[in-house]
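The values are calculated or read from the model by the stated rules, or taken from the named source; none is laboratory data. What you see is a predicted model, and the numbers here were worked out from it, not measured in a lab. Note that each Cβ is placed from the backbone with ideal geometry, even for glycine, and that neighbours are counted across all protein chains shown. For the accessible areas, the whole protein counts, side chains as well, though only heavy atoms, and no ligand, DNA or RNA atoms are used. Shrake-Rupley method; radii C 1.70, N 1.55, O 1.52, S 1.80 Å.
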Amino acid sequence: MENADVFLGLHDFLERMRRPTASDFVKSIKSFIVSFSNNTPDPERDSALVQEFFTKMEGSFRAHPLWSGCSEEELESAGEGLEKYVMTKLFSRVFASFADDVKRDEQLSEKMALIQQFIRPENLDIKPNFQNETSWLLAQKELLKINMYKAPRDKLVCLLSCCKVISNLLLNASIASNENPPGADEFLPVLIYVIIKANPPQLHSNLLYIQRYRGQSRLTGEAAYFFTNILSAESFISNIDANALSMEETEFGKNMESARALLSGLSSDVQALSNKSNLDEGVGRYSEPVETSSQASNAGADPAVRPNFTVAKPRTEASHAKDQSTVMEVPSLSDLENKGAAILLNDHTGGRQAFRDYPYLFAQAGDLTFSDVEELLSQYKQLVFKYVSLSKGLNLTTASLSNSEMHSQPHHESLKEFEDVGDVTSNDESAGEPHRIIDGSDGTSLFGEENDETRI
């Protein structure tokens with residue numbers, strides 16, 4: 001189903017849920033979310049409960065007057081809306097919530113980080129006419145979007161988009177070289193290579209999440225085929241060894257050790273640069289160099305052989321404490337923000353001009369259209385990048401509320417959780433750019449007002 005059709009279907013679903021006759025559905029959905037959240041986590045049982053609930057609710061949709069005379073596509077969209085709403089609310093409860101899954105994620109990511117340092121397409125027996133690493137970057141880009149989303153369908157779409165890019169590239173290459181259309185033997189090695197090079201975070205947990213909570217009736221056909229290939233790729237990468245890469249054991253061992261040394265060195269270099277930066281901006285800025293007696297005796301010596309070092313002036317305890325205080329005084333993000341806010345407040349002529357690059361700052365919700373989404377997302381990403389970069393530059397943590405903190409709130413703390421229709425818009429199943437719109441995990445309501453038991 002195309003993304004536009006999905007959005008219109010979800011919009012219709014939400015509108016139906018706002019009607020008084022949908023009160024029983026709303027109560028059932030709320031009740032399930034609360035009771036599920038209070039259960040002790042158990043992967044197999046949790047999956048069975050969610051799948052059973054989806055099946056029961058979708059059967060009820062078909063028999064209810066709200067969907068009387070509706071097409072199969074509309075009923076399908078209602079099921080998609082239900083799945084997205086429920087799993088968005090339960091995401092923090094069920095995603096990567098078990099220690100074993102988190103450990104597998106870390107092990108898999110570490111292994112891919114090492115192997116990607118030396119693996120070449122030839123190691124996976126990818127034919128030269130099928131090798132196109134530049135174009136494979138597009139497939140990697142689609143795969144890396146997976147952690148932007150919370151609904152199982154949206155995550156699955158990222159995987160399918162990655163696979164479709166690879167499939168299309170292989171097909172075009174086979175046509176260009178007058179070969180037979182590529183099959184699984186050509187597709188899987190390229191998929192493995194792309195996954196290793198992309199090294200998407202929490203790949204194992206994402207695959208488990210889709211397996212457990214994507215509606216089973218929807219994981220069929222092409223989606224099931226590509227998803228099975230990705231599961232095979234994950235298994236291959238987890239057990240990868242010298243034989244799998246057509247290498248000698250000694251060569252594989254040396255490559256792995258070199259990769260470890262390289263990554264360890266990069267990590268050490270980053271830490272050293274950070275420490276050097278702190279020293280340069282701290283002690284180096286506030287201490288005055290003076291010559292020692294040995295330096296004075298070498299004053300007339302050739303500069304090439306004269307010792308190149310300085311020593312700080314002797315200081316009293318009071319001056320030392322003062323200097324230490326000065327060195328350690330690094331303005332916090334809060335201080336910088338307060339300073340900037342004060343400047344803006346006092347700048348009566350040009351304060352508003354400072355926000356000229358952010359036209360939506362003064363807009364009302366009713367002023368926005370769907371065409372504004374792409375620009376809003378772009379501006380949001382720029383602001384986040386600048387803010388996080390500033391935080392890292394000051395060696396501070398960001399003051400914004402993290403996703404984990406947001407998701408840790410009880411699911412029933414406010415019934416105003418999904419008010420905006422755009423909250424359940426999902427990404428496109430094509431290989432193109434997904435439409436990323438707020439997914440409702442921030443506590444906004446899709447269906448109604450606060451403190452009304454017939455509203456979600």
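Counting only residues that are outside any helix (DSSP H, G or I) and of a type outside the set (S, T, N, Q), region 198-215 holds 4 of them.
Just to be sure before I move on: is D154 more than 21 Å from D46 (Cβ to Cβ) and either over 19 Å from the mean Cα position of the chain (by Cα) or buried (at least 21 other Cβ atoms within 10 Å of the Cβ) (or both) in the structure I sent? No, not satisfied.
Would you be able to say whether some residue in region 179-189 is modelled with pLDDT of 95 or more and either in contact with an Asp or Glu (Cβ under 8 Å, 6 or more places away or on another chain) or within 28 Å of T88 (Cβ to Cβ) (or both)? Scanning region 179-189 turns up at least one residue that is modelled with pLDDT of 95 or more and either in contact with an Asp or Glu (Cβ under 8 Å, 6 or more places away or on another chain) or within 28 Å of T88 (Cβ to Cβ) (or both). Screening G79, G59 for residues that are more than 18 Å from N239 (Cα to Cα), assigned to a helix (DSSP H, G or I) and open to solvent by less than 10 Å² (accessible area, probe 1.4 Å) leaves exactly one candidate, G79. Filtering V94, V86 for residues that are in contact with a helix residue (DSSP H, G or I) (Cβ under 8 Å, 6 or more places away or on another chain), among the β-branched types (V, I, T) and over 30 Å from V194 (Cβ atoms) leaves a single hit, V86. If you check S294 against the conditions, is it assigned to a helix (DSSP H, G or I), surrounded by fewer than 10 Cβ atoms within 10 Å (Cβ to Cβ) and at pLDDT below 95? Judged against the criteria, S294 is a match.
I'd like to know if region 9-31 contains one or more residues that are under 19 Å from V94 (Cβ atoms) and aromatic (F, W, Y). Checking region 9-31: not a single residue is under 19 Å from V94 (Cβ atoms) and aromatic (F, W, Y). With the structure loaded, tell me whether P181 is of a type outside the set (G, A, S), under 21 Å from the mean Cα position of the chain (by Cα) and surrounded by fewer than 16 Cβ atoms within 10 Å (Cβ to Cβ) or whether it fails that test. When the stated conditions are applied, P181 does not pass them. Pairing residues of region 210-231 that are in contact (Cβ under 8 Å) with a residue 24 or more places away in the chain and surrounded by 13 or more Cβ atoms within 10 Å (Cβ to Cβ) with residues that are outside any helix (DSSP H, G or I) and of a type in the set (D, E, K, R), at Cβ distances under 9 Å and at least 6 apart in sequence or on separate chains, gives A223/R214; A223/E429; F227/R214.
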